Amino acid sequence: MKTNLSKPLLFVSALAASGIAGAQDGDQPVMVEIKKLSMDTALTIAKTAIDTCREQGVQVAVTVVDRGGHPQVVLRDVLAMDLALEVSYRKAYTAMTFTSPTSALEDRFTGPFSVGKVEKVLLSAGGVPIQASGETVGGVGVSGAPSGETDESCAQAGVAAVEMDLEMASF
């Protein structure tokens with residue numbers, strides 16, 4: 001007896017394409033809208049952070065990451081150390097991942113198997129999440145100042161420069 005397997009497969013494919021097969025209790029959307037920073041917004045954050053640190057006589061590196069932790073803008077002032085590039089990235093990534101300023105995380109994870117030992121995570125002041133209407137859309141990290149507090153105040157100045165634009169973009 002010969003069977004035709006293409007008809008059941010067609011039916012399952014049609015269900016999957018319509019979103020019915022993957023939906024649970026009907027509350028899962030077929031598509032998800034994801035908010036992302038524009039390049040100009042990310043650049044404004046980074047440039048404002050650099051300028052704020054310059055006003056304090058400090059040259060730093062700044063990294064702005066998107067909501068996936070990927071570098072979107074990376075700036076290094078002329079005299080900032082090369083190492084500051086990697087450190088600023090890790091601070092930005094950590095702030096975005098934990099949706100918290102990295103200074104608030106410094107003492108949170110301790111012990112031999114702590115989260116602080118995960119690659120890319122750096123629990124040191126200088127990283128700030130970027131949020132729009134309570135949703136994390138990225139992170140900014142600053143490195144190169146004599147203290148993490150200075151790094152973080154420069155990062156916060158960068159986010160503050162676009163804060164109103166981010167809130168208004170949600171409407």
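The values are calculated or read from the model by the stated rules, or taken from the named source; none is laboratory data. Everything quoted here is computed from the prediction, not taken from an experiment. We place every Cβ from the backbone using ideal geometry, glycine too, and count neighbours over all the protein chains shown.
For the range 120-136, filtered to residues that are part of a strand (DSSP E or B) and among the β-branched types (Val, Ile, Thr), the residue that is surrounded by the most Cβ atoms within 10 Å (Cβ to Cβ) is 128.
Here are some residues: 155, 161. Which one is modelled with pLDDT of 95 or more and touching a strand residue (DSSP E or B) at 6+ places or on another chain (Cβ under 6 Å)? None of the others qualify; the one that does is 155. Residues in the range 52-75 that are surrounded by fewer than 16 Cβ atoms within 10 Å (Cβ to Cβ) and assigned to a helix (DSSP H, G or I): 54, 55. With respect to the conditions (1) in contact with a strand residue (DSSP E or B) (Cβ under 9 Å, 6 or more places away or on another chain); (2) modelled with pLDDT of 95 or more; (3) in a loop (DSSP other than H, G, I, E, B); (4) not small (Gly, Ala, Ser), residue 78 lacks only one, and its number is (1). In the range 39-62, of all residues being of a type in the set (S, T, N, Q) and farther than 16 Å from residue 160 by Cα, the one that is farthest from the chain's Cα centre (by Cα) corresponds to 56.
May I ask you to list the residues in the range 76-105 that are buried (at least 21 other Cβ atoms within 10 Å of the Cβ) and of a type in the set (D, E, K, R)? Across the range 76-105, the qualifying residues are 90, 91.
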